[in-house]
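Every number in this text was worked out from the coordinates using simple rules, so none of it is lab data. From a predicted model like this one, the values you see are computed outputs, not experimental measurements. Cβ sites come from the backbone with ideal geometry, for glycine too, and all protein chains shown count toward neighbours.
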Amino acid sequence: MALSTVNARIAFLNDEWKHRDELARIYSRETRHANTTKHDIEIANARPLAEAGELELDRNGFTLVQHEAKFTNFEDKAGIERDYFAEMRELILRLTGAEDAIGIPFYQLRSRRPANFFDAYSLYMHCDFALTTWQTMAQQIIRDHGTGRQYPAQEWDFALFNLWRPIYETTQQSPLTVVDAGTVDLEDIVEYRLAPTGETSKAALPVFNPAQRFYYFPHMRTDEVLVFKQQDSREGVARVCPHTAFIDPNAPADAPDRRSIDIRMLCVYPKSGGAPAARPPG
């Protein structure tokens, strides 16, 4: 299937960090520019693949879901944490067939001019969680925010998903692009630190690899959710799906700034040697 594409310049972690014992520190625009390099990338329109049923969350690491949210007041912090998270929990359970799903009490309302660096459009390819520490974090999330049920790692597998939605209006500029997880070499995912000092607060970035394949969904509407994989402990499924915003050269010059919300869900699966059958997302 021939797909239409756009070209963009996207920043990746500098190759030097792949071979160093210390970790890069990226916590501001200045440190991002110092530790990343832009590459010319071809990004394919994934809508035809989604419409043909050719995207699988556990193979490609991402998919597009139709979902009209009942909750619409994204200025209401308490309402987001109570009502929107509940809607997204139901969605991810239907989509993945997981035994349980627990909302991670950290979400971002993205805008062009945020008060916090980490709430801005990312503009560099990244993963939200470190490969070496995310399962420890998952157990902490279960203890602090679950229903009291325990999920020991000897008996359960875990996966982290991001659910990304435009809010208020269709996205025309600064859309999200993802790397097809089936084209990601885990050796290219390198951890970094999110603070100027200290030894905690880690996430991960990929270095560029010509084998990577990039996709996006142009003109995403508020009734569409891009679901993509952050981490997964199961064998034989997609592990990680790096992502970033990018400057779309086809966007109208007067397009409004993109507004979006992304939340993260921790899904729990019994250890069974494979992915469960997903329920229809309807």
Worksheet item: Full extension from residue 16 to residue 45: what is 0.36 nm times the residue separation minus their Cα-Cα distance, to one decimal in nm?
Response: 7.3 nm
Worksheet item: Dimensions of region 160-282 along principal axes (Cα, Å, largest first)?
Response: 49, 43, 31
Worksheet item: Rounded, prolate or oblate: which fits region 88-237, taking a ≥ b ≥ c as square roots of the Cα gyration tensor eigenvalues, rounded meaning a/c under 1.5, else prolate when a/b beats b/c?
Response: rounded
Practice prompt. With an 8 Å cut-off on Cα pairs and a minimum separation of 6 or more residues, tell me the relative contact order of region 7-270 in percent.
Written response: 34 percent
Practice prompt. Taking log10 I(q)/I(0) by the Debye sum over Cα atoms at q = 0.07, 0.08, 0.15 Å⁻¹ as the quantity of interest, determine which of [x] -0.30, -0.39, -1.14; [y] -0.34, -0.44, -1.10; [z] -0.24, -0.31, -1.23 was computed from the displayed structure.
Written response: [z]
Worksheet item: Taking the highest mean first, how do the peptides 33-39, 172-178 order by number of other beta carbon atoms within 10 angstrom per residue?
Response: 172-178, 33-39
Worksheet item: GNM on the chain, C-alpha springs below 10 Å: top fluctuator among 206, 270, 166?
Response: 270
Worksheet item: Between residue 3 and residue 149, what length comes free when the chain is fully extended (0.36 nm per residue of separation minus the Cα-Cα distance, one decimal in nm)?
Response: 48.0 nm
Worksheet item: What residue among 12, 158, 106 has the largest mean-square fluctuation in a Gaussian network model of the chain, using Cα springs under 10 Å?
Response: 106
Worksheet, complete the sentence: Exposure proxy check on 191, 155: fewest-to-most Cβ neighbours within 10 Å is 155, 191
